[in-house]
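Readers should treat all values here as calculations from the given coordinates under stated rules, not as data from a laboratory. Quick caveat: nothing in here was measured; it's all calculated off a predicted structure. All Cβ positions, glycine included, derive from the backbone under ideal geometry; neighbour counts span all protein chains shown.
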């Protein structure tokens, strides 16, 4: 199980501080939300947590199953969904799933067949991703992340492009498969996509 501790973390671009002195704990078996308006720094903080950006001040400490984890190994233990992440448009759905799960293992009990059924469009298995609607693409991103057997899930605006049926599908998926994991959701739609979070970090308090 993964625990993440932010110790007075700050990030700036050029001379502008995006946030400063962020101290917070993300605990195993807990869903936490990073909340704030568009452009407030939520995604930047999530990228710091993911190890994709280095903080300009402070420390991010990762503990996996009671042992401290080196920052350069964090990517092996997480799955990320974000608006700026693109699927490979030339791949079919099956090729996309095969590609993703060549890097991450499925959760126990899953393989390509059940994952495709869970998406809800099995007839599209051999269609190219470029032919999918924006909502279908978002579902593929979410299934790739949530069905990955990793202790850390990072979800940035996870209901983007989903209609009401898609939002309900996402909430049910996360409820079923978040047990014993550390889940962090970036949201400016708290009542829609992260209202069930037990902890919340208001990024605008750290300016």
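Going by what's in this entry, would residue 53 be described as farther than 19 Å from residue 181 by Cβ and not in a helix (DSSP H, G or I)?
yes
Which residue out of 198, 194 is touching a strand residue (DSSP E or B) at 6+ places or on another chain (Cβ under 6 Å) and surrounded by fewer than 13 Cβ atoms within 10 Å (Cβ to Cβ)?
198
Within region 130-150, which residues are buried (at least 19 other Cβ atoms within 10 Å of the Cβ), in contact with a strand residue (DSSP E or B) (Cβ under 7 Å, 6 or more places away or on another chain) and part of a loop (DSSP other than H, G, I, E, B)?
147, 150
Any chance you could count how many residues in region 38-50 are in a loop (DSSP other than H, G, I, E, B) and either in contact with a helix residue (DSSP H, G or I) (Cβ under 7 Å, 6 or more places away or on another chain) or under 19 Å from residue 141 (Cβ atoms) (or both)?
Going through region 38-50 one residue at a time, the tally reaches 3.
Scan region 64-102 for residues that are in a loop (DSSP other than H, G, I, E, B), under 14 Å from residue 146 (Cα atoms) and out of contact with any strand residue (DSSP E or B) (no Cβ under 7 Å at 6 or more places or on another chain) and report the count.
1
This table checks each residue for (1) within 11 Å of the chain's Cα centre (by Cα); (2) under 20 Å from residue 103 (Cα atoms).
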residue	(1), (2)
133	no, no
136	no, no
149	no, yes
156	yes, no
159	no, no
162	no, no
173	no, no
176	no, no
186	yes, no
